[in-house]
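Inspection log for the structure reproduced underneath, given as structure tokens.
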Amino acid sequence: MRKLENILVTGGAGFIGSNFIRYVFKNTGFKGKIINLDKLTYAGNAESLSDINSEFGDERYSFVHGDICDKDLVSRVFIDYNIDTVIHFAAESHVDRSIHGPAEFMNTNIIGTFTLLDAAKNFWNGRSDVLFHHISTDEVYGSLGDSGYFFETTPYDPRSPYSASKASSDHIVMAYNHTYGLPVTITNCSNNYGPYQFPEKLIPVIIFNIMDNKTLPVYGDGKNIRDWLFVDDHNSAVWAVVNNGRNGETYNVGGENEWENIKLVTALCEKMALIKGKDKNNFESLINYVKDRPGHDRRYAINCDKIKLELGWKQTVSFDQGLDLTIDWYLKNTQWISNIRSGEYKKWIEKNYGSR
């Protein structure tokens, strides 16, 4: 039986991590404490958890500002908070940034994961009521053709510095399980979307650019296919695995919801046009096909029968509902948007997507 009393969430100020912390406190009946360790890089925003901090405060929620590569800090966190569970979200995750500057990805995603694993091994010292859960991606499997799916048994074939760094971290996690007996689980998920996502990923980029009447960039011919998963559905899957997943197992988590990029962009144009009372052609005319990303994987699609059959998990939010919830959140949280359009993040956005 896993203890699940003092949970260390790494990267909890990021998109998926902040949604996960909110999901656990608001939807699961969890009675313990969550410790959020986050470096607050450009994509980490403590403001995304201001409501959680106000409601749960030091009694059940603590924030630690720090780097997962800092061995001494990580060890102190385990000791000071008596950590019994790690849910490891912290990662550099944007493929474009990994192509332009891979060193950060190797350091955070590989060395950071190793640092956490080693601290867990040393602190837990053979305990069986603990768990290290690692969040990974379907991109470690490579690219699919027009048919077929990624299974948990699909051989790894990463194509970008980002996916290679995540594949490496997956293998290190499993090595600690096999070599040292460290209790671990892994989830490999498809593309997440939802509230609090920073505008470097496709859906928020398109929403933000439509709001600002800016060009809508689409790579290549726009026919690359992704499987889209609402962030709360992903987090419910993570919670199911953390509670009941088998030690040493990997579980794929997908939306079973494939879309060509260009069709998704036009769907967002249509939804935004309805909200703003305009013709969708006003927004579709902003679409601009740009030079394709180097090594751009053509199609991802996940088979998630394993988690459904073993743990009874299923998606609960349709893509249409999820897009409506996402758009509505961004339209109602313009101050959050304004606050992140500053500093290093603004510089990166201006360099890669034009000034705002």
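The values are calculated or read from the model by the stated rules, or taken from the named source; none is laboratory data. Because the structure is predicted, anything quoted here is derived from the model rather than measured. Quick reminder, even Gly has a Cβ in these numbers, built from the backbone with ideal geometry, and neighbours come from all protein chains shown.
General observations
- Restricting the stretch 7-36 to residues that are among the hydrophobic types (A, V, I, L, M, F, W, C) and more than 15 Å from residue 48 (Cβ to Cβ), the residue that is surrounded by the fewest Cβ atoms within 10 Å (Cβ to Cβ) is 30.
- Applying the set (1) acidic (Asp, Glu); (2) touching a strand residue (DSSP E or B) at 6+ places or on another chain (Cβ under 9 Å); (3) crowded, with 16+ Cβ neighbours inside 10 Å to residue 118 leaves exactly one unmet item: (2).
- The stretch 254-275 - residue that is of a type in the set (D, E, K, R) and part of a helix (DSSP H, G or I) and, of those, surrounded by the most Cβ atoms within 10 Å (Cβ to Cβ): 271
- Qualifying residue in the stretch 187-201 (condition: touching a Pro at 6+ places or on another chain (Cβ under 7 Å) and either assigned to a helix (DSSP H, G or I) or modelled with pLDDT of 95 or more (or both)): no
- The residue that is surrounded by the fewest Cβ atoms within 10 Å (Cβ to Cβ), among those in the stretch 296-316 that are touching a helix residue (DSSP H, G or I) at 6+ places or on another chain (Cβ under 9 Å) and under 22 Å from residue 262 (Cα atoms), is 296.
- Residue within the stretch 287-296 that is of a type in the set (Val, Ile, Thr), touching a Pro at 6+ places or on another chain (Cβ under 8 Å) and under 20 Å from residue 204 (Cα atoms) present: yes
- Residue 199 being surrounded by fewer than 22 Cβ atoms within 10 Å (Cβ to Cβ), closer than 22 Å to residue 135 by Cβ and in contact (Cβ under 8 Å) with a residue 12 or more places away in the chain: yes
- Scanning the stretch 119-163 for residues that are among the charged types (D, E, K, R) and either at pLDDT 95 or above or under 22 Å from residue 239 (Cα atoms) (or both) yields 121, 127, 129, 138, 139, 152, 157.
- Looking only at residues of the stretch 159-189 that are touching a Lys or Arg at 6+ places or on another chain (Cβ under 7 Å) and surrounded by 19 or more Cβ atoms within 10 Å (Cβ to Cβ), we find that the one that is nearest to residue 140 (Cα to Cα) is 176.
- Out of 148, 126, one residue alone is in contact with a Gly (Cβ under 8 Å, 6 or more places away or on another chain) and more than 12 Å from residue 297 (Cβ to Cβ). It is 126.
- Any hit, the stretch 239-246, residues being within 28 Å of residue 52 (Cα to Cα) and either acidic (Asp, Glu) or surrounded by 23 or more Cβ atoms within 10 Å (Cβ to Cβ) (or both): yes
- Against the test of being among the acidic types (Asp, Glu), in a loop (DSSP other than H, G, I, E, B) and either farther than 30 Å from residue 25 by Cα or touching a residue at least 40 places away in the same chain (Cβ under 8 Å) (or both), the options 233, 292, 227 yield a single qualifying residue, 292.
- Criterion violated by residue 50 - all others in (1) surrounded by fewer than 17 Cβ atoms within 10 Å (Cβ to Cβ); (2) within 23 Å of the chain's Cα centre (by Cα); (3) assigned to a loop (DSSP other than H, G, I, E, B); (4) not acidic (Asp, Glu) satisfied: (3)
- Filtered residues of the stretch 148-186 (kept if under 20 Å from residue 306 (Cα atoms), hydroxyl-bearing (Ser, Thr, Tyr) and in a loop (DSSP other than H, G, I, E, B)): 149, 153, 154, 156
- Of all the residues in the stretch 160-196, those that are within 12 Å of the chain's Cα centre (by Cα) and among the hydrophobic types (A, V, I, L, M, F, W, C) number 1.
- Some residue of the stretch 239-252 being farther than 28 Å from residue 157 by Cα, hydrophobic (A, V, I, L, M, F, W, C), assigned to a helix (DSSP H, G or I) and in contact (Cβ under 8 Å) with a residue 40 or more places away in the chain: no
- Considering residues of the stretch 1-25 that are within 25 Å of residue 75 (Cβ to Cβ) and in a loop (DSSP other than H, G, I, E, B) only, the residue nearest to the chain's Cα centre (by Cα): 14
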